[in-house]
Amino acid sequence: IPVYNEENNLENCIKSLWKNSSSLEYNLKTFICLNGCTDNSEEIAFNLQKRYPKLNIEILKSKRGKLNAQKKIIKNIDAKEDYIIFLDSDIEIKKGCIKKLISELDKHKKIMIVGAFPIAKTYRGKNYWKKIISEILNIRSKHPSWGKSKYDVKEYHPYEIGRAHV
């Protein structure tokens, strides 16, 4: 989980991951990679590490940038046979999501990576500026027909609860 200034979202992301881990036969290793945070994300990450020992959370630090965080995480993975699932720190996943991803990867041995656009939460407040920004930021998920993809990934959308925005 690459993290950049996600103090308001990280706990919900980890909580949803914890809910997913209860039905898995796998031992999870969870990496939280702080990449240039200037908020309380680091303190929250260490508290979550203590609160969710089953997730086996390891906290890493990298230079700012999601790709830098992902590279750092990959360098810390021990075995090549492991499943690697990247989550953004501002999402919550539904129970069963990881189990479904693993079963799909097991069923289709040629698939090495799966990606999908998240379905954004709709801003329901009264601030018009935030409504406009929310619409702009969420354009891809609210209008999926406007995007192009080689494969149809709609079946994976129900496994994400949504993204936190604005």
Checked segment 1-49 for anything among the aliphatic types (A, V, I, L, M), under 25 Å from residue 78 (Cα atoms) and either open to solvent by 30 Å² or more (accessible area, probe 1.4 Å) or free of Cβ contacts under 8 Å to residues at least 24 places away in the same chain (or both); matches are 28
Taking into account only those residues within segment 61-86 that are in contact with a Leu (Cβ under 7 Å, 6 or more places away or on another chain) and surrounded by 13 or more Cβ atoms within 10 Å (Cβ to Cβ), which is modelled with the highest pLDDT? 61
Do we find a residue being farther than 25 Å from residue 106 by Cα, among the basic types (Lys, Arg) and assigned to a strand (DSSP E or B) anywhere in segment 55-62? yes
Can you give me the number of residues within segment 87-130 that are more than 23 Å from residue 23 (Cβ to Cβ), at pLDDT 80 or above, open to solvent by less than 90 Å² (accessible area, probe 1.4 Å) and assigned to a loop (DSSP other than H, G, I, E, B)? 3
Out of (1) in contact (Cβ under 8 Å) with a residue 24 or more places away in the chain; (2) within 20 Å of residue 105 (Cβ to Cβ), what's the single condition that is false for residue 90? (2)
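The values are calculated or read from the model by the stated rules, or taken from the named source; none is laboratory data. Keep in mind that this is a model prediction, so the values were computed, not measured. For neighbour counting, all protein chains shown are included, and Cβ atoms are generated from backbone atoms with ideal geometry for every residue, glycine included. Keep in mind that these areas ignore ligands, DNA and RNA; they rest on the heavy atoms of the full protein, side chains included. Shrake-Rupley method; radii C 1.70, N 1.55, O 1.52, S 1.80 Å.
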